[in-house]
Number of protein chains: 2
Amino acid sequence: MTGPLHQRIRSDIEARIRSGEWAPGHRAPTEAELLAEYGCSRMTVNKAMTALVEAGLIVRRKRAGSFVARPKVHAPVLNIPDIQSEIVARGETYAFRLLARAVRTADRDAPEEVELAAGGKLLALEGVHDAGGRPFALERRLVSLKAAPEMEAADFARVPPGAWLLEHVAWTEAESRISAVNADADDARLLALDEGAACLVVDRRTWREGQHVTRVRQVFPGEAYDLVARFGPGA
Amino acid sequence: MTGPLHQRIRSDIEARIRSGEWAPGHRAPTEAELLAEYGCSRMTVNKAMTALVEAGLIVRRKRAGSFVARPKVHAPVLNIPDIQSEIVARGETYAFRLLARAVRTADRDAPEEVELAAGGKLLALEGVHDAGGRPFALERRLVSLKAAPEMEAADFARVPPGAWLLEHVAWTEAESRISAVNADADDARLLALDEGAACLVVDRRTWREGQHVTRVRQVFPGEAYDLVARFGPGA
DNA sequence: CGCTTCAATATGTATAGACATATTTGCGAA
DNA sequence: TTCGCAAATATGTCTATACATATTGAAGCG
């Protein structure tokens, strides 16, 4: 390691934790011991230890000391790439076919739609993402025109709705639910599958500053699509 | 905000980014400007800005300044809880039924098994996680006894294999693939489903220090299980 | 013996200054 | 005009010090 000293200290300690040399619960050296070992100031070892705390590898308690954390829940980073990028990265041609587009008011009997619309109108979109000329994913989306009014004029032949929103309504927060369903007759027809084929469904709701922006349901043929999540506990 | 000053500076800036007041590409104040505004030392504003860089909200370039990052790929944090904790949290009784257990050598025709075994033997496990007395997930697992030799003596009635590994082989890294399949005859029987029912499959491989530890395939009834991922871009 | 109090300890936050480093910008020379 | 070099600038790292704060462990007291 030739980089900054605080990084070297950090990776030295991280290596001992990941190798199991320091098991969970093991007491790590105090800052005083580390600064003596590395011959540096306290701020430098503090920076290293603080980073390890953020990474979830170390738990610190005043007076008691620093301890190797107990890995709890796996919190992997799931890669939900933009569908267009994903397809282009595979070297296939990409296209978005808009099947239906409507501007309407929220259905009063659907509380979720009412909340999404927030008193304004809704843009309802339905389309298919094609990869290499064949259906890759089916997308049904509701957009709050109150949250994204410019979207009413957008042309989705150029930029698909997801990418348009990412571009124009940045820094949103979202919650995705991933599940598996059997394709119904509509899904099967649009995705060129047999009815009943297993499909991966990503149901995503997106907010900005607490305001609901969009809700989308993407259906992928189960055999053609994998979501990949990589992780170390806390890394 | 009454907490530490660096945190207050951080959240002030974060709020302006998330609200859209500072769009992606916008140039944020320099450290000199911030320390004048907050009347603090440079180390303090630097700590705030460094945290925003780690969070992916800010990109900094020497001489040029600090800029609001362009949100790229959604990298949500996916919650893959331990199945046992998940079931217990729902208030249902949990049990793991071990259906098959074998110690064997790797199949020479399966390169993945050979790599996992790394010259040693493999422990093959098959079992069902029950929630409230009904099948919740089907698990088929291979464990490298070279990486986890103590596992040969473990009793999985007490602690299911996943939890056992988390406890004894901490700080692993993993990759999960999430897909959807139609239940085959075996899956359907063990999970008490109709054949062909859509199931969510999590395929996970786990390493420690580059050494392959285990590979597990968990099959969940599609109708009974959702994976939930929450995220803001880079948060 | 149990309770309270107090001091020692290790971390948490912050300062003011210093030098290093990368990058932009502008000036001067080919 | 264009290329290349040098100065200005903003961040990156580090030091030495100081005081705040939470927690532990031990001393003191009823």
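Take the conditions (1) at pLDDT 95 or above; (2) within 13 Å of DNA strand D (Cβ to nearest atom); (3) away from chain A (no Cβ under 13 Å); B:ASN46 misses just one of them, which is (3).
Checking each residue in the range A:24-45 for being near DNA strand C (Cβ under 7 Å from one of its atoms), open to solvent by 60 Å² or more (accessible area, probe 1.4 Å) and not basic (Lys, Arg) picks out A:ALA32, A:MET43.
Filter the range B:43-61 down to the residues that are in a helix (DSSP H, G or I) and in contact (Cβ under 8 Å) with a residue 12 or more places away in the chain and list them by number. Steps first, answer last, please.
Residues of the range B:43-61 in a helix (DSSP H, G or I): B:43-54.
B:THR44, B:VAL45, B:ASN46, B:LYS47, B:ALA48, B:MET49, B:ALA51, B:LEU52, listed by residue number.
You will find that of B:LEU78, B:LEU57, the residue that is within 13 Å of chain A (Cβ to nearest Cβ), within 14 Å of DNA strand D (Cβ to nearest atom) and within 30 Å of A:ASP203 (Cβ to Cβ) is B:LEU57 and no other. Of all residues in the range B:1-40, exactly one satisfies the criterion of being within 23 Å of A:GLU54 (Cα to Cα), polar (S, T, N, Q) and within 13 Å of DNA strand D (Cβ to nearest atom), namely B:THR2.
Out of everything in the range B:184-233 that is over 18 Å from the mean Cα position of the chain (by Cα) and at the interface with another protein chain (Cβ under 9 Å from one of its Cβ atoms), what residue ends up being surrounded by the fewest Cβ atoms within 10 Å (Cβ to Cβ)? Outline the logic, then answer.
Just the residues of the range B:184-233 that are over 18 Å from the mean Cα position of the chain (by Cα), to begin with: B:184-199, B:211, B:221-224.
Still in the list and also at the interface with another protein chain (Cβ under 9 Å from one of its Cβ atoms): B:196-199, B:221-223.
On the way: B:GLY196: 17, B:ALA197: 20, B:ALA198: 24, B:CYS199: 29, B:PRO221: 22, B:GLY222: 26, B:GLU223: 15.
Across the range B:184-233, the extreme among qualifying residues is B:GLU223.
None of B:VAL128, B:VAL88 is open to solvent by 40 Å² or more (accessible area, probe 1.4 Å) and either assigned to a helix (DSSP H, G or I) or among the β-branched types (Val, Ile, Thr) (or both) except B:VAL88.
If you go through the range A:46-104 and keep only what is more than 30 Å from A:GLU167 (Cα to Cα) and more than 14 Å from DNA strand C (Cβ to nearest atom), you end up with A:ARG70, A:PRO71, A:LYS72, A:VAL73, A:HIS74.
B:SER176 meets the conditions (1) in contact with a His (Cβ under 9 Å, 6 or more places away or on another chain); (2) open to solvent by 10 Å² or more (accessible area, probe 1.4 Å); (3) polar (S, T, N, Q) in every case but one. The failed one is (2).
Scan the range B:2-22 and tell me whether some residue there is more than 33 Å from the chain's Cα centre (by Cα) and in contact (Cβ under 8 Å) with a residue 12 or more places away in the chain. No; the residues of the range B:2-22 include none that is more than 33 Å from the chain's Cα centre (by Cα) and in contact (Cβ under 8 Å) with a residue 12 or more places away in the chain. Just one of the numbered conditions (1) assigned to a loop (DSSP other than H, G, I, E, B); (2) away from every other protein chain (no Cβ under 13 Å); (3) more than 16 Å from DNA strand C (Cβ to nearest atom) is not true of B:THR2: (3). Whenever a residue of the range A:166-193 is without any contact (Cβ under 8 Å) to a residue 40 or more places away in the chain, its partners that are open to solvent by 40 Å² or more (accessible area, probe 1.4 Å) and of a type in the set (S, T, N, Q), lying with C-beta atoms within less than 9 angstrom and at least six residues away or across chains, give the pairs A:TRP171/B:SER19; A:ASN182/B:ASN182.
What is the number of the single condition among (1) facing chain A (nearest Cβ under 9 Å); (2) surrounded by 14 or more Cβ atoms within 10 Å (Cβ to Cβ) that B:ALA95 does not meet? (1) is the only condition that B:ALA95 fails.
The values are calculated or read from the model by the stated rules, or taken from the named source; none is laboratory data. For clarity, every value in this text was computed on a predicted model and none was experimentally measured. When we count neighbours, we look across all protein chains shown, and the Cβ atoms used for this are built from the backbone with ideal geometry, even at glycine. Protein only, heavy atoms only, side chains kept; ligands, DNA and RNA dropped before computing areas. Shrake-Rupley method; radii C 1.70, N 1.55, O 1.52, S 1.80 Å.
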